[in-house]
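Asker: Take this structure, written in structure tokens, and hold onto it; I'll ask about it next.
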Amino acid sequence: MTLAALDLPHEVHSLLTALGVAEDRFTGGTLVVRSPIDGREIGRLPEDDVDAAKAAIARAQAAFLVWRSVPAPKRGELVRLFGEELRAAKPMLGRLVSIEVGKIVSEGLGEVQEMIDVCDFAVGLSRQLYGLTIATERPDHRMMETWHPLGVVGIISAFNFPVAVWAWNSALALVCGNATVWKPSEKTPLTALATRAIFDKAVARYVADGGTAPAGLAPLLIGGRELGEVLVDHPKVPLVSATGSTAMGRKVGPKLAGRFARAILELGGNNAAIVTPSADLDLTLRGVAFAAMGTAGQRCTTLRRLFVHASVYDALVPRLKKAYGSVRVGNPLETGTLVGPLIDGGAHAAMQKALDEARAAGGTVTGGERVAIDGAAEAFYVRPALVEMPAQTATVERETFAPILWVIKYDDFDAVLELHNAVPQGLSSSIFTNDLREMETFLSVRGSDCGIANVNIGPSGAEIGGAFGGEKETGGGRESGSDAWKAYMRRATNTINYGRSLPLAQGVVFEV
Ligand code: NAD
């Protein structure tokens, strides 16, 4: 179906209604949402104000006081039901993600799959949440640690993973015994409403089965950054997980530190790959193409810097340029499209500015131009840009949230490692090589300084089983798999004396 024949406002209305969202939640309000696919209005949402945000936090705090005493495996049952509801809703929610963010169909569905996967992970976790037993120097004593929930967890999310980020955080936060309050991006509130309705269905089933799920367990706030600020400033929110730009993290981080609250900051990336002389170039080509052009360059883990060894440069870069020239840009709902639109005109302007700067610094730009799509004059489609750069300039060191791949030739492995790490961000990285020494060095303490370091795959497309996050200006947070759950709990160390005397540690004597 051509773009002109699509009726996205009508389709969004049907999807939201079918998913259980009341019409007055997405019509007649002040927050206007447009689909990046054709630029047309698809929603007009009533917004919460600051007082409503404070009231939601109070409700969540009351819910926490009940929820914390529900046994963890029973809390896991609610998350299990949510996973089931997500499975049933996957085609519709995935479609809505594609319409609201402009992702191709398989990526919209993939985002929902990620939510399902993290629910599965959290359900297993709900029967663990284990602490250690620690050897003690005192006779007839036992020392152990216990993990307790924190309270209300604030979740601030970005536009590019409009629903998965909430799921990464809330599935863990809920099994850990916390309540959550979610402030989604003001660019993507419709998928948040849909997710909330799906969660409500799980809660209804849980309660019908005799489960305890207090009202106010997971409120949703619709509106702009001022609502995020309420979460950041509120004394009853001991942890804020904030995903978005480094500029946002720079404001949020110090405020949280100022009141000794915890932060999980998931901020901007400037991810790189190194292609060494021994790399399998066919595999490299595919890995680079997906990581750099997928999601129209709008993933935090998008490949942005490519360092290619001089000996393989001419064998790889012309092939890459060909792929950039032929990749299908257009309606993301159509089969065969690999690159959908940018989120808005601001993203397009930032991309063009970065390309102009690169040209002025001696870069050679392939692609990058706006692509006209029939029926989408108000949308921003671009051909992904591959830019051969003479050096890692200030423009390259900045994250531009658009499909630009900076390509830089290198000769020396140690020097390229230094260049790789010489940017302020530290999210994800990869190396394409068949050389054991290069591979191990890249993964070693002398290698990549990022939170994610891969071999023979690109830097994007993480699975939920690993801890996700990055260093330096990426913020240092970790969420999703491994032991990321510990960030949503507080640890108490307990010492128990089951004897009849009171020996003191370190041999201290205190007789009264
Ligand atoms: P953004 O920073 O513009 O907004 C993100 C969220 O923060 C929104 O909900 C916004 O309302 C809120 N916000 C903004 N300023 C705030 C403040 N002062 N106080 C409280 N809340 C505030 O980001 P975006 O354009 O939506 O997303 C793109 C950025 O997000 C990119 O930089 C990308 O790399 C990053 N990102 C990072 C990760 C990660 O896991 N590291 C994941 C996805 C996106």
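Asker: Considering Pro139, Pro149, which residue is more than 15 Å from the ligand (Cβ to nearest atom), surrounded by fewer than 22 Cβ atoms within 10 Å (Cβ to Cβ) and modelled with pLDDT of 95 or more?
Answerer: Pro139
Asker: To continue, here is another question. Taking the conditions exactly as written (farther than 30 Å from His141 by Cα, in a loop (DSSP other than H, G, I, E, B) and assigned by the TED database to the domain that holds Gly249), does Ser482 satisfy them or not?
Answerer: When the stated conditions are applied, Ser482 passes them.
Asker: Please work out which one of (1) free of Cβ contacts under 8 Å to residues at least 24 places away in the same chain; (2) within 16 Å of the ligand (Cβ to nearest atom) is the condition Gln352 fails and give its number.
Answerer: Checking Gln352 against (1) free of Cβ contacts under 8 Å to residues at least 24 places away in the same chain; (2) within 16 Å of the ligand (Cβ to nearest atom), the one that fails is (2).
Asker: Further question: Restricting to the range 281-325, give me the number of residues that are in a helix (DSSP H, G or I), within 30 Å of Glu111 (Cβ to Cβ) and touching a residue at least 60 places away in the same chain (Cβ under 8 Å).
Answerer: Going through the range 281-325 one residue at a time, the tally reaches 15.
Asker: Do we have any residue at all in the range 86-107 that's polar (S, T, N, Q) and either closer than 30 Å to Gly43 by Cα or at pLDDT below 95 (or both)?
Answerer: Within the range 86-107, one or more residues are polar (S, T, N, Q) and either closer than 30 Å to Gly43 by Cα or at pLDDT below 95 (or both).
Asker: Say whether the condition of being in contact (Cβ under 8 Å) with a residue 40 or more places away in the chain and either under 20 Å from Pro162 (Cα atoms) or near the ligand (Cβ under 9 Å from one of its atoms) (or both) is met by at least one residue in the range 251-258.
Answerer: yes
Asker: Which residue, of Ala194, Ala167, Ala213, is away from the ligand (no atom under 15 Å from the Cβ) and not in a loop (DSSP other than H, G, I, E, B)?
Answerer: Just a single option satisfies the conditions, and that option is Ala194.
Asker: Here is a check on your reading of the model: is Lys236 over 30 Å from Met439 (Cβ atoms), more than 10 Å from the ligand (Cβ to nearest atom), part of a loop (DSSP other than H, G, I, E, B) and of a type in the set (D, E, K, R)?
Answerer: yes
Asker: So, restricting to helices (runs of 4 or more DSSP H) that lie completely within the range 45-134, which ones have at least 3 residues that are over 23 Å from the mean Cα position of the chain (by Cα)?
Answerer: Here the list reads 50-67, 72-101.
The values are calculated or read from the model by the stated rules, or taken from the named source; none is laboratory data. Note that the coordinates shown come from a computational prediction; the quantities given were computed from them, not determined experimentally. Ideal geometry is used to build each Cβ from the backbone, glycine not excepted, and the neighbour counts take in all protein chains shown.
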